[in-house]
Structures are given as structure tokens and as C-alpha cells.
1. Scan the stretch 134-159 residue by residue and report those that are surrounded by fewer than 18 Cβ atoms within 10 Å (Cβ to Cβ), part of a loop (DSSP other than H, G, I, E, B) and not hydroxyl-bearing (Ser, Thr, Tyr).
2. Quick one: in the stretch 86-106, of everything that is in contact with a helix residue (DSSP H, G or I) (Cβ under 9 Å, 6 or more places away or on another chain), farther than 15 Å from Leu41 by Cα and not charged (D, E, K, R), which residue is modelled with the highest pLDDT?
3. So which residues in the stretch 1-47 are at pLDDT below 75 and either surrounded by 12 or more Cβ atoms within 10 Å (Cβ to Cβ) or touching a helix residue (DSSP H, G or I) at 6+ places or on another chain (Cβ under 7 Å) (or both), if there are any at all?
4. Search the stretch 78-95 for residues that are within 13 Å of Leu127 (Cβ to Cβ) and pair each with any residue that is basic (Lys, Arg) and at pLDDT 80 or above when their beta-carbon atoms are under 9 Å apart and the residues are at least 6 apart or on different chains.
5. Of the conditions (1) of a type outside the set (Val, Ile, Thr); (2) modelled with pLDDT under 65; (3) under 27 Å from Asp135 (Cα atoms), Arg83 fails just one. Which one is it?
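The values are calculated or read from the model by the stated rules, or taken from the named source; none is laboratory data. All values reported here derive from a predicted model rather than from experimental measurement. A quick note on method: Cβ atoms are made from the backbone with ideal geometry, for glycine too, and the neighbour counts reach across all protein chains shown.
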Amino acid sequence: MDSSPDITELLAAAKLGDAKAEEQLFSVLYADLRQLAHQRLQRSKPCTLIETTALVHEAYLRLNRAGYVRITDRVHFLAYAARAMRSIVVDFVRKQGAVRREGGGLDALADPASAPENEILRVDQALAELALVSDRLVKVVEMRYFAGMKETEIAQALSLTERTVRRDWDKARMLLAASLK
């Protein structure tokens, strides 16, 4: 995942409101976004019925609404996209659970702790608790776990050394494991 100057230029133009740059940016990064969405959805099955394309488009809409404020290059773009996709999946699972509870029936009587979507919500809650300790640890987890980024890419995106990223990853895993018990 190298940082192409074309993407950096497109991001800069998109920040200034250039609609053509936004379109070009989306088409240049579309394959990356699809791969990210596919990885994210694979971790969420069987409880999400979101299609990869729908997740990519929703993530792009959120990125667009954010105005590319702090996005400087491809790595930052993908890191932000990973966070947006996590949020979209969690929101979807919450809405799905609310509809099921309102509808009653056998699904509403099932043990909520054993429901597959509960795992997504538990991980999301654990990450929220981790954010109280360190927002940087959460970013490392999102980039590595949700976006599949390599340590070198995470280090570049967060302006850290690879060694610091490894230590943050180890610490985050330990804290998350304790939180999920």
C-alpha cells in the first residue's frame, strides 16, 4: 500500500470541494475499499446481511460527509475507511437487533448472549473501553484487524515507529482479551 502522489493530490483537491477529484478518488480507491469491506464483512458473518458493495458505498458517503478533513494520503484514507466500516456494521447490527426485539417471536426469546451479532457489539464495546485508555491503541486495532494494514503502513499513518506499533498491538490485544472475558 504505497502512497501515490496522485492520490495525495486528489485528496487535497477533494478537501477543497473539487467534485471531479472526489469522483476520481473514489474510482482509484474503489478496489481497496471493496477489499476492506470484504474483510470486514467476513469477520461479521453470519449476523450481517450487508453486501460488500453497499458497505463500500455507505463508507464512501461517510468519508465524503466528513470532508476528508484529516486524510492526507492513501494509508490515512484506508484507516479512516476501516473506522467508518466498523461503525456501519455496528449500527446495522444494532438496528437489526432492535427490529427483532420489536417483532417478538422466537428470535426475541433466544439467549441474547449467544447471538452472533452480540459478539460484534461486545467487540465494539471493548474498543470503546480501550479508547478510554488510549485512542491510539484503538486506531492500531482498527487498522490492523479491521483494515488488514501492515505494521509499516500503520506506523506511517500514525507517524510512529514499527516497534511502537507492535507494542501497541500487543498491549491492545491484552486489554481487549481482558475486557471480553
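1. Gly148, Lys150, listed by residue number.
2. Per the stated criteria, the residue is Gln96.
3. Met1, Ser3, Ser4, Gln39, Arg40, Leu41, Arg43, Ser44, Pro46, Cys47
4. Arg83/Lys139; Ser87/Arg62
5. So Arg83 meets the others, but not (2).
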